[in-house]
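Heads up, the thing below is written out as C-alpha cells.
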Amino acid sequence: MSAFFNSVTTTATGKPDAPTADDITCPDVGVRAGASTLSVSSNVSDDAAMNLRYQVGIGQTARECKLVGNTVTMRVGVQGRVILGPAGGPGQIDVPVRLAVVHEGPNPKTILTKLNRVSVTVPEGGGNVQFTMVEDEVSFPMPRGGAIDEYIVYVGFDAMGMREPPKSRQQQRPPKRPPA
C-alpha cells in the first residue's frame, strides 16, 4: 500500500506514519463497522450461497495529508479484493466505496462524505481480482486547537451507492404546457 504514496511509510503495526510535512497530524483511516464487505446475489429474494455473484472486501488503507492555508487536503487509498461466487462470471463490476470524514466524540459530526464507484474488471478465468482506489481530494477546514486528533476517515462499501441516483422532483414533473 505504501506504493500509493511515496512520502508515506508503514510502521511495524502496518499503519502508515503521519507525514511530517507541514507538521500536521493526519487523521487515521478506519473501515466502518458493518461496511468492510459487500456481497451481491444473483437473486435479490434468495441470498443463498449458491446465488452469490461476488463478494468484495477491503484489505488495506493509506493516507497522506497536507495543509494549504487553513485547508487540510488528504489523499486516501483503499485496496480490496473481488471474489467471484458460484453465480458470478467475468465482466465489469462497479464497487461503491464511501469515504466519510468524521469528528468523533460524544456527538460525532460528519464533516464530509464522498461516494466513489470503482470499476473492476474480472477477466475470464479470474476467480478473484485485486482493486485499488485513490481519492485525491478529501478536503476540509483545519479544525481549531488539537481537534484534528479527534478526526477519522471512515471507508466502507455503500450498497445504496450501487443504485441509480433518484431523479430530482423537477425531472419527475410533467413538462408545463404553453398557455392556450
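The values are calculated or read from the model by the stated rules, or taken from the named source; none is laboratory data. If you're wondering where the values come from, they're calculated on a predicted model, not measured in any experiment. Note that each Cβ is placed from the backbone with ideal geometry, even for glycine, and that neighbours are counted across all protein chains shown.
Considering each residue of the range 12-20 in turn, none proves to be surrounded by fewer than 18 Cβ atoms within 10 Å (Cβ to Cβ), within 28 Å of Gly88 (Cβ to Cβ) and at pLDDT below 80.
Please determine, by comparing only the residues of the range 103-123 that are among the charged types (D, E, K, R) and farther than 30 Å from Gln92 by Cβ, which one is surrounded by the fewest Cβ atoms within 10 Å (Cβ to Cβ).
Residues of the range 103-123 among the charged types (D, E, K, R): 104, 109, 114, 117.
Imposing the further condition that a residue be farther than 30 Å from Gln92 by Cβ reduces the set to 104, 109.
Values: Glu104: 14, Lys109: 11.
Among those residues, the one meeting the criterion is Lys109.
Restricted to the range 127-148, and to residues there that are under 12 Å from the mean Cα position of the chain (by Cα) and aliphatic (A, V, I, L, M), the residue that is farthest from Gly88 (Cα to Cα) is Val138. For Val44, the conditions (1) in contact with a Lys or Arg (Cβ under 6 Å, 6 or more places away or on another chain); (2) of a type in the set (Val, Ile, Thr); (3) over 21 Å from Asp149 (Cα atoms) all hold with the exception of (1). Among the conditions (1) under 22 Å from Arg117 (Cβ atoms); (2) modelled with pLDDT of 90 or more, Pro27 misses just one, which is (1). If we keep just the residues of the range 21-42 that are part of a strand (DSSP E or B) and of a type in the set (Gly, Ala, Ser), which is surrounded by the fewest Cβ atoms within 10 Å (Cβ to Cβ)? Checked the range 21-42; the qualifying residue surrounded by the fewest Cβ atoms within 10 Å (Cβ to Cβ) is Gly30. Taken over the range 64-82, the residue count meeting the criterion of being in contact with a helix residue (DSSP H, G or I) (Cβ under 9 Å, 6 or more places away or on another chain) and surrounded by fewer than 17 Cβ atoms within 10 Å (Cβ to Cβ) is 3. In this structure, does Ala87 turn out to be surrounded by 13 or more Cβ atoms within 10 Å (Cβ to Cβ), farther than 22 Å from Ala35 by Cα and in contact (Cβ under 8 Å) with a residue 12 or more places away in the chain? Taking the combined requirement at face value, the residue satisfies it.
One line per residue, one yes/no per condition, for (1) exposed (fewer than 13 other Cβ atoms within 10 Å of the Cβ); (2) over 26 Å from Lys66 (Cα atoms); (3) among the aliphatic types (A, V, I, L, M); (4) at pLDDT below 90:
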site	(1), (2), (3), (4)
Gly146	yes, no, no, yes
Tyr151	no, no, no, no
Gly156	no, no, no, no
Met160	yes, yes, yes, yes
Ser168	yes, yes, no, yes
Arg173	yes, yes, no, yes
Arg177	yes, yes, no, yes
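When the residues of the range 43-63 are filtered to those that are farther than 18 Å from Phe157 by Cβ and modelled with pLDDT under 95, the one that is surrounded by the fewest Cβ atoms within 10 Å (Cβ to Cβ) is Ser45.
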